[in-house]
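Notes follow the structure.
The values are calculated or read from the model by the stated rules, or taken from the named source; none is laboratory data. Note that this is a predicted model, so its numbers are computed, not measured. Methodologically, a virtual Cβ is constructed for each residue, glycine included, from the backbone with ideal geometry; neighbour enumeration extends over all protein chains shown. Just so you know, the surface numbers come from the protein's heavy atoms only, side chains and all, with ligands and any DNA or RNA stripped out. Shrake-Rupley method; radii C 1.70, N 1.55, O 1.52, S 1.80 Å.
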Amino acid sequence: MSYVDGFVLAVPTANKQQFIEHAKSANEVFMELGAIRIRECWGDEVPKGKVTDFAGAVQAEAEETVVFSWIEWPDKATRDQAMQKMGDLMKTDPRMNPEVNPMPFDGMRMIYGGFEPVVILDQDSGS
C-alpha cells in the first residue's frame with residue numbers, strides 16, 4: 001500500500017517559473033530517495049468557500065496562486081527513511097540547500113501532512 005505526502009501553499013504568481021524550477025530540482029531528490037510519483041499543480045480553478053477554502057488555509061493574497069502538490073511513496077517506511085535523510089541533504093545537496101535553491105514562496109504558510117490511502121482508483125489497475 002502506498003503512502004502520500006500532501007502540500008498546499010501560496011506562491012506569488014509572478015514566481016511561477018521560479019517555483020517550477022525549484023520544484024523540479026528538489027523533486028529529483030525525492031525521486032532518488034524512492035518516491036514513485038510527484039505532482040505539482042498550479043491553481044487554475046480554486047473557488048472561495050463559504051466556511052473555508054484552499055486560499056484561506058494558506059492565507060493566500062490577491063497576487064498569489066494556490067499550489068496543490070503531492071508525493072507518492074511505495075510505503076510509509078520508504079517515506080520515513082527519505083525524510084530522515086533530508087536533514088543531511090539540506091546541508092550537502094545543493095538541490096535541497098535553501099541558500100542554493102531558495103523557496104520562491106513563504107514556507108511558513110505551507111500546510112502539509114502524510115496520508116494513508118484508503119481508496120485507490122485508476123485506469124491502469126482496473127479498480
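What FRET efficiency, computed as 1/(1 + (r/R0)^6) with R0 = 30 Å and r the Cβ-Cβ distance, is obtained for GLN84 and ASP122, rounded to the nearest 0.05?
Numbers: r = 29 Å, r/R0 = 0.98.
Taking R0 as 30 Å, the efficiency between GLN84 and ASP122 is 0.55.
Within 10 Å of each candidate Cβ there may be at most 16 other Cβ atoms; applying that plus a DSSP loop requirement, which GluC sites (Glu not before Pro) in region 14-58 survive?
Hits after loop and neighbour filter: GLU45.
In region 39-85, what trypsin sites (Lys or Arg not before Pro) fall in a loop by DSSP, with at most 15 other Cβ atoms inside 10 Å? Write out the running numbers ahead of the final one.
Details: sites: ARG39, LYS48, LYS50, LYS76, ARG79, LYS85; in loops: LYS48, LYS50.
Answer in residue order: LYS48, LYS50.
Please compute P(r) over all alpha-carbon pairs of region 3-115, binned at 5 Å starting from zero, and give each bin as a whole-number percent.
All Cα pairs, binned at 5 Å, distribute as 2, 12, 20, 23, 20, 13, 7, 2, 0 percent.
With label points built 7 Å along Cα→Cβ from the Cα atoms of PHE115 and THR13, find their separation and express it in nm.
Computed distance between label sites PHE115 and THR13 equals 2.6 nm.
State the percentage of accessible surface on the chain attributable to carbon and sulfur atoms; use a 1.4 Å probe and exclude ligands, DNA and RNA. Don't jump to the answer; show the numbers that get you there.
Working: 4610 of 8420 Å².
Roughly 55 percent of what the probe reaches on the chain is carbon or sulfur.
What is the spin-label model distance, in nm, from ASP53 to LYS91 if the labels are put 7 Å beyond Cα along the C-beta direction?
4.4
Can you show me the helix-derived [θ] at 222 nm for the chain, built from DSSP H runs with n ≥ 4 at -39,500 (n - 2.57) apiece and divided by the number of residues, rounded to the nearest 500.
Counting only the DSSP helices, I get -9500 deg cm²/dmol.
Would you mind calculating the gained length between TRP42 and MET108 on full extension (0.36 nm times residue separation, minus the Cα-Cα distance), in nm to one decimal?
21.9 nm
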